Amino acid sequence: MGHLFRVGLVTVLLGTCVACSDHGPCAGIDCGGHGYCEVDDESGNASCVCDDGYVADGMKCVKECVPACGDRICGPDPVCGLSCGGCGEDWLFCDTNGKCMSNTVGRCFADWCLIPAGTFAMGSPDDEPDREPDEGPVHNVTITRPFYMKKTLVTRGEWKSLIGNNPSKDRACSDHCPIQTLNWFDAVWYANALSKSEGLETCYTITDCTGAAGVDLADCKVTFSSLDCNGYRLPTEAEWEYAARAGTTEARYGEVDDIAWYLDNSRWNPHPVGMKTPNAWGLHDVLGNEYELVWDYYGEDYYSTCEEGCTDPLGPTTGIERAARGSCYASPAKSVRLALRVHYPPEIRLPGFRLVRSVP
């Protein structure tokens with residue numbers, strides 16, 4: 001029998017060349033058909049050298065995974081499990097959708113501010129100037145669940161990106177202005193659409209609608225799942241006032257010209273969101289710029305029925321109109337107050353809205 005000796009990547013046997021993969025460390029290794037086996041000259045260990053677009057996984061070449069971070073800025077991507085980045089500071093954490101969320105009240109990140117659980121005095125006292133009858137009596141309300149509230153109203157750019165149209169009547173304002181000329185059905189439709197786009201639970205069951213969102217949506221039957229829903233939803237009227245007050249019992253949380261676009265400074269036009277001083281919990285434009293739809297049916301005497309033991313209220317169980325809060329760019333100063341309540345039939349196309357979601 002002749003002698004075996006190695007020359008480069010082949011073995012010579014009695015003058016006949018055969019592939020190294022037939023003998024030694026590379027024997028039987030085909031690297032999955034997407035590369036070749038190579039033996040390290042110093043260690044004698046075999047490894048796969050993979051074709052372009054493939055990476056070594058043990059003794060096979062597998063297709064290289066392309067991370068799908070999209071708009072995720074933290075945590076693992078859903079395809080490869082590779083990191084999309086980190087949140088950085090220790091007061092932030094990454095939620096399941098790759099967004100950095102604050103765990104400190106009064107500090108917001110990206111579009112969301114943390115609203116803590118707590119108890120507050122809802123409504124306006126009898127001696128508040130320009131008070132309306134449906135703003136009282138003042139009653140204690142307990143919010144048992146912390147939640148995130150969008151730092152600003154939903155903008156035209158955000159609406160167009162998800163729904164594809166722009167129903168706003170004032171087309172001169174930029175994509176950073178609040179979406180407007182919506183109805184209540186549009187708002188809950190958008191909340192569900194955003195939840196679906198991020199793989200979250202939808203908080204509303206919406207059936208029997210006519211028309212299209214942002215155009216002529218009407219006649220929907222809407223059922224709310226619960227406050228524990230992990231998707232996006234409208235705040236309740238109590239959640240809205242609790243978050244808007246951010247601890248104050250005054251009529252507003254600052255000087256009116258500093259915090260709101262209203263009749264005296266708006267020139268009768270909406271303005272880009274986030275330009276005025278926020279409240280203590282980081283929320284912008286809770287007064288002025290555009291009214292904000294909430295979940296609740298409107299009840300003129302509802303506060304009287306929720307005077308004692310009012311915990312996580314969802315509003316009246318039936319009604320004709322839906323409540324809205326805040327004030328708008330055309331509101332006089334006397335209406336730019338945290339306790340002011342307005343109301344609309346759900347088909348009427350006027351206000352804007354902002355969203356909330358549960359803390360994961």
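Rule-based calculations on the coordinates, nothing more; no lab input. In this text, all values refer to a predicted model and were calculated from it rather than measured experimentally. Every residue, glycine as well, gets a Cβ built from its backbone with ideal geometry; the counts of neighbours run over all protein chains shown.
Counting neighbouring Cβ atoms within 10 Å and putting the fewest first, the residues Glu300, Glu290, Glu255 line up as Glu255, Glu300, Glu290. Which residues in segment 258-299 place their backbone N less than 14 Å from a point set 7 Å from the Cα of Ser174 along the Cα-to-Cβ direction? Within reach of a label on Ser174, which here means backbone N under 14 Å from a point 7 Å along Cα→Cβ, segment 258-299 contributes 271-276. Loop-resident trypsin sites (Lys or Arg not before Pro) (DSSP state other than H, G, I, E or B) in segment 242-311 with no more than 16 further Cβ atoms inside 10 Å of their Cβ: Arg267. Fewest neighbouring Cβ atoms within 10 Å first, the residues His343, His176 line up as His176, His343. Within the listed set Met59, Met275, Met149, the Gaussian network model of the chain (springs between alpha-carbon atoms below 10 Å) gives the highest mean-square fluctuation for Met59.
Here the Gaussian network model covers the chain, with springs between Cα atoms less than 10 Å apart; of Asp208, Asp126, Asp285, Asp208 fluctuates the most. Here the calculated FRET efficiency for Ser226 and Asn45, from their Cβ-Cβ distance with R0 = 51 Å, stands at 0.30, rounded to the nearest 0.05. Note on Thr305 and Val55: the extension gain reaches 83.4 nm, defined as 0.36 nm multiplied by sequence separation minus the Cα-Cα distance.
Between the C-alpha center of segment 178-252 and that of segment 115-176 there is a gap of 11 Å. Note on the chain: dipole from Cβ charges, positive end direction compared against Cys65, Thr248, Gly315; the farthest Cα belongs to Cys65. The calculated FRET efficiency for the pair Cys65 and Arg145, based on their C-beta separation and a Förster distance of 35 Å, comes to about 0.40. Counting only chymotrypsin sites (Phe, Trp or Tyr not before Pro) that DSSP places in a loop and that have at most 16 other Cβ atoms within 10 Å, the longest clean stretch of the chain runs over 92-267. If each of Thr318 and Ser197 carries a label point 7 Å out from its Cα toward its Cβ, how far apart are those two points in nm? Going from the Thr318 label point to the Ser197 one covers 3.7 nm. For segment 235-333, the fraction of C-alpha pairs more than 17 angstrom apart is 55%.
Sequence gap at least 6, Cα distance under 8 Å: using those rules, report the relative contact order of the chain to the nearest whole percent. After rounding, I find 16 percent. Return the label of the correct value of percent of Cα pairs over 40 Å apart, as calculated from the structure shown, out of (1) 14; (2) 22; (3) 31. Of the labelled values, this structure produces (3). Taking 0.36 nm per residue of separation and subtracting the Cα-Cα distance, full extension of the segment from Leu162 to Thr119 would add 12.0 nm. Before rounding to the nearest 500, sum -39500 (n - 2.57) across all DSSP H runs of length at least 4 in the chain and divide by the residue total; then give [θ] at 222 nm in deg cm²/dmol. Theoretical 222 nm ellipticity from helices: -3000 deg cm²/dmol. Have a look at Val286, Val141, Val222 and tell me which one the Gaussian network model of the chain (Cα, springs below 10 Å) gives the largest fluctuation. So, out of Val286, Val141, Val222, the one fluctuating most is Val222. Which is farthest toward the positive dipole end of the chain among Thr142, Cys80, Ser266, measuring Cα position about the Cα centre, with Cβ charges +1 (Lys, Arg) and -1 (Asp, Glu)? Value computed over the given set: Ser266. Looking at the chain, the DSSP beta bridges with both ends there are about 95 percent antiparallel.
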